[in-house]
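Notes follow the structure.
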2 protein chains.
Amino acid sequence: MTEQSAAAPPPAAAELPTPPPEAVVDLLGVLAYGELTAFERLAADAGLAPTLSDKAALGGMAVAEFGQFLRLRERLRGLGVDPESAMQPFVSAVDAFHDSTAPSNWLEGLVKAYVGDGIATDFYREVAAFVDPDTRALVLDVLEDTGHASFAVAKVQAAIAADPPVQGRLALWARRLMGEALSQAYRVAGEHAALAMLIVGGIGDLTEVGRLMARLADAHSRRLALLGLSA
Amino acid sequence: MTEQSAAAPPPAAAELPTPPPEAVVDLLGVLAYGELTAFERLAADAGLAPTLSDKAALGGMAVAEFGQFLRLRERLRGLGVDPESAMQPFVSAVDAFHDSTAPSNWLEGLVKAYVGDGIATDFYREVAAFVDPDTRALVLDVLEDTGHASFAVAKVQAAIAADPPVQGRLALWARRLMGEALSQAYRVAGEHAALAMLIVGGIGDLTEVGRLMARLADAHSRRLALLGLSA
């Protein structure tokens, strides 16, 4: 940002009009429900863990996600918003994503959590730039990795090293996850005009929306490479 | 205790020989694995919750159980014991119980947690009388109800009031839970001589073992009555 030419400064976050509260409520609501389901999903993954130590590690991460849910719920209440009403509009899309991508084993669960949380986190970080500073600080804070990423990367790398054919199956799985995630993201954007306008309005023009999509895709590819799942 | 006659004083816990460490390790190990699976089970029940508020309530209880697991694991480590080794001998019995009693709906999950945790808690409290004071204090503390009991009772009572035929189905379910729990408890006692000897040795004679069983059965009946599931 500091090296942008003075001739065409991009709109800085501080200069933007205060976003409509509806968009902030939507953002906090979808994040809160996302954390609540992340808790459930990681706890379910704990049930697939091959060792008691892995089970306890996943349990600890699930508990951390629940803590983030509590913080978002507290913030919604602080804004005078009923948390359930804020989450409810996102239940069917989030649940549809999880129902269509239920992991059938421990490694699929790890890849899903790492790849899925990664792209969601990148996306929310970008959106956070367009909301008020207090909301932004909270959103960036709850998106902090709770230790799951390095755990998942280490386990998946080790599994591929031990049994190379696993690589192809998990690569296919990662592609399917991305497809389902995009499909539900478009659905949410279509159903939540305030949230969609916040993003497009915050970015300023559609070329920038394209660049945002490219940044998300790049980060996704880097994650796949780290897992050892690149094509 | 204070009103016992001086002629035949029962052995007070403080006068008993230090129990064999194996029994203490067994007790902490089975409790730790029980808390870890309680966490998973309550998190899974959260997935069956009819409202977001119920989901969040169950999630909070699951998180509390995980906290108890962490304390028991810490204690095992403090005794120089590997927590996984201490839990491992109880995995198959605890898992067999849960596999044979997977709730098929929200109410079955609530009844299972309330009835199952109730009898387990009563039992562990009795056993705690026979171990060293530090272990006893920790065991009694982690057995404190995390709020699940009153939540379950209120929800089950309301469900029966709204739909009376539910009562008969849940009463049958509660009976099945008790049968499966007893069957796994006998298995654990048969496989863990140190734990079995701790109980029988601590109690002193088999008549008292019978009284302990009667106390557990009484408490179980009171819980069923509170739920509205008495015959």
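In the range A:123-207, counting only helices (runs of 4 or more DSSP H) that sit wholly within it, the ones holding 1 or more residues that are farther than 20 Å from A:R73 by Cα, open to solvent by 30 Å² or more (accessible area, probe 1.4 Å) and at pLDDT below 90 span A:148-162, A:166-191, A:193-203. Every condition in (1) within 13 Å of chain A (Cβ to nearest Cβ); (2) within 26 Å of B:P164 (Cα to Cα); (3) of a type outside the set (D, E) holds for B:P89 except the one numbered (2).
Take the range B:92-123 and flag every residue that is more than 21 Å from A:K55 (Cβ to Cβ) and either within 11 Å of chain A (Cβ to nearest Cβ) or not polar (S, T, N, Q) (or both). Before the answer, list the steps.
Start the filter on the range B:92-123 by keeping residues that are more than 21 Å from A:K55 (Cβ to Cβ), which leaves B:104-108, B:110-111, B:114-115, B:118-119, B:121-123.
Those that are more than 21 Å from A:K55 (Cβ to Cβ) and either within 11 Å of chain A (Cβ to nearest Cβ) or not polar (S, T, N, Q) (or both): B:W106, B:L107, B:E108, B:L110, B:V111, B:Y114, B:V115, B:G118, B:I119, B:D122, B:F123.
Screening B:L198 against (1) more than 21 Å from B:D117 (Cα to Cα); (2) touching a residue at least 60 places away in the same chain (Cβ under 8 Å); (3) out of contact with any helix residue (DSSP H, G or I) (no Cβ under 6 Å at 6 or more places or on another chain) leaves a single unmet condition, (3). Of all residues in the range B:47-74, those that are more than 10 Å from chain A (Cβ to nearest Cβ) have Cβ atoms under 8 Å from Cβ atoms of residues that are in a loop (DSSP other than H, G, I, E, B) and open to solvent by 40 Å² or more (accessible area, probe 1.4 Å), 6 or more apart or on another chain, in B:L48/B:N105; B:M61/B:T146; B:Q68/B:T146.
Annotation: A:A113 fulfils all but one of (1) crowded, with 17+ Cβ neighbours inside 10 Å; (2) within 24 Å of A:E22 (Cβ to Cβ); (3) small (G, A, S); the unmet one is (2).
For every residue, the table says whether it meets (1) open to solvent by 30 Å² or more (accessible area, probe 1.4 Å); (2) under 30 Å from B:S150 (Cβ atoms); (3) modelled with pLDDT of 50 or more.
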{"position": "B:A6", "(1), (2), (3)": "yes, no, no"}
{"position": "B:E15", "(1), (2), (3)": "yes, no, yes"}
{"position": "B:P21", "(1), (2), (3)": "yes, no, yes"}
{"position": "B:Y33", "(1), (2), (3)": "no, yes, yes"}
{"position": "B:L36", "(1), (2), (3)": "no, yes, yes"}
{"position": "B:E40", "(1), (2), (3)": "yes, yes, yes"}
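For the range B:42-78, the set of residues classified as surrounded by fewer than 22 Cβ atoms within 10 Å (Cβ to Cβ) and of a type in the set (K, R) consists of B:R71, B:R75, B:R77, listed by residue number.
Does the range B:220-231 hold any residues that are in a helix (DSSP H, G or I), in contact with a Ser or Thr (Cβ under 9 Å, 6 or more places away or on another chain) and open to solvent by less than 60 Å² (accessible area, probe 1.4 Å), and which are they? It would help to see each step written out before you state the result.
Of the residues in the range B:220-231, the ones in a helix (DSSP H, G or I) are B:220-227.
Right, trim to in contact with a Ser or Thr (Cβ under 9 Å, 6 or more places away or on another chain) and you get B:221, B:224.
Within the range B:220-231, B:L224 is the sole residue that qualifies.
Can you tell me how many residues in the range B:34-77 are closer than 19 Å to B:L110 by Cβ, part of a helix (DSSP H, G or I) and polar (S, T, N, Q)? Final tally of qualifying residues: 2. Has the range B:83-90 got at least one residue that is open to solvent by 10 Å² or more (accessible area, probe 1.4 Å), touching a residue at least 12 places away in the same chain (Cβ under 8 Å) and among the hydrophobic types (A, V, I, L, M, F, W, C)? No.
Scan the range A:25-46 residue by residue and report those that are more than 8 Å from chain B (Cβ to nearest Cβ) and of a type outside the set (A, V, I, L, M).
Quick first cut of the range A:25-46, residues more than 8 Å from chain B (Cβ to nearest Cβ) only: A:25-32, A:34-35, A:37-38, A:41-42, A:45.
Listed by number, the residues that qualify are A:D26, A:G29, A:G34, A:E35, A:T37, A:R41, A:D45.
The values are calculated or read from the model by the stated rules, or taken from the named source; none is laboratory data. Just so you know, these numbers come straight off a predicted model, no measurement behind them. Cβ sites come from the backbone with ideal geometry, for glycine too, and all protein chains shown count toward neighbours. Please note that ligands, DNA and RNA were not included when accessible areas were found on the heavy atoms of the full protein model with its side chains. Shrake-Rupley method; radii C 1.70, N 1.55, O 1.52, S 1.80 Å.
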